[in-house]
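For reference, the structure discussed in these notes is given below.
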Amino acid sequence: MSLTTPYPADLLQVARKVVWYEKPEETLADLITFLTHLMVYGSSADVSVAERYVPQEEFRRILEHAPPGVFSRDVWKKWHERFGMPVPPLPRRRFPDGSLGPEAGYFFGR
């Protein structure tokens, strides 16, 4: 799914807040980045705005294919529970040699 332009003003405001390092139009053009950051950094009011324009299935899809290194354990658990989904381990980075990065919340086993 993708959002169509022109983007609603309230959604642009949310995008500007949750992805502060790029233009809100660029953020909304990349739905994966927008929703991932919204789920981590957005308030309940921000999520309510986005839910008017983005179907719940897209939020679930983010959880099923989440990029590593963005979600905290608490947020990961909260969103899975919200949708009645089992809570798997956090996504981990995969290096070019096929090895996995450290488990989330740990630094090389420490």
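The values are calculated or read from the model by the stated rules, or taken from the named source; none is laboratory data. Just so we're clear, the structure is a prediction, and the values are computed from it rather than from any experiment. Cβ coordinates were reconstructed from backbone atoms using ideal geometry, including for glycine residues, and neighbour counts include every protein chain displayed.
Tabulated data
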| read-out | value |
| --- | --- |
| Condition met for LEU11 (surrounded by 15 or more Cβ atoms within 10 Å (Cβ to Cβ) and out of contact with any His (no Cβ under 7 Å at 6 or more places or on another chain)) | yes |
| Unmet criterion (only one of (1) surrounded by 14 or more Cβ atoms within 10 Å (Cβ to Cβ); (2) in contact with a Lys or Arg (Cβ under 8 Å, 6 or more places away or on another chain)) for MET85 | (1) |
| Residue that is surrounded by the most Cβ atoms within 10 Å (Cβ to Cβ), among those in the range 14-33 that are free of Cβ contacts under 8 Å to residues at least 24 places away in the same chain and hydrophobic (A, V, I, L, M, F, W, C) | ALA15 |
| Any chance ALA50 is modelled with pLDDT of 95 or more, closer than 21 Å to VAL75 by Cα and within 13 Å of the chain's Cα centre (by Cα) | yes |
| Selection status of PHE71, surrounded by 14 or more Cβ atoms within 10 Å (Cβ to Cβ) and within 19 Å of SER2 (Cβ to Cβ) | no |
| Unmet requirement for GLU57, which otherwise passes all of (1) modelled with pLDDT of 85 or more; (2) exposed (fewer than 12 other Cβ atoms within 10 Å of the Cβ); (3) assigned to a loop (DSSP other than H, G, I, E, B); (4) not basic (Lys, Arg) | (3) |
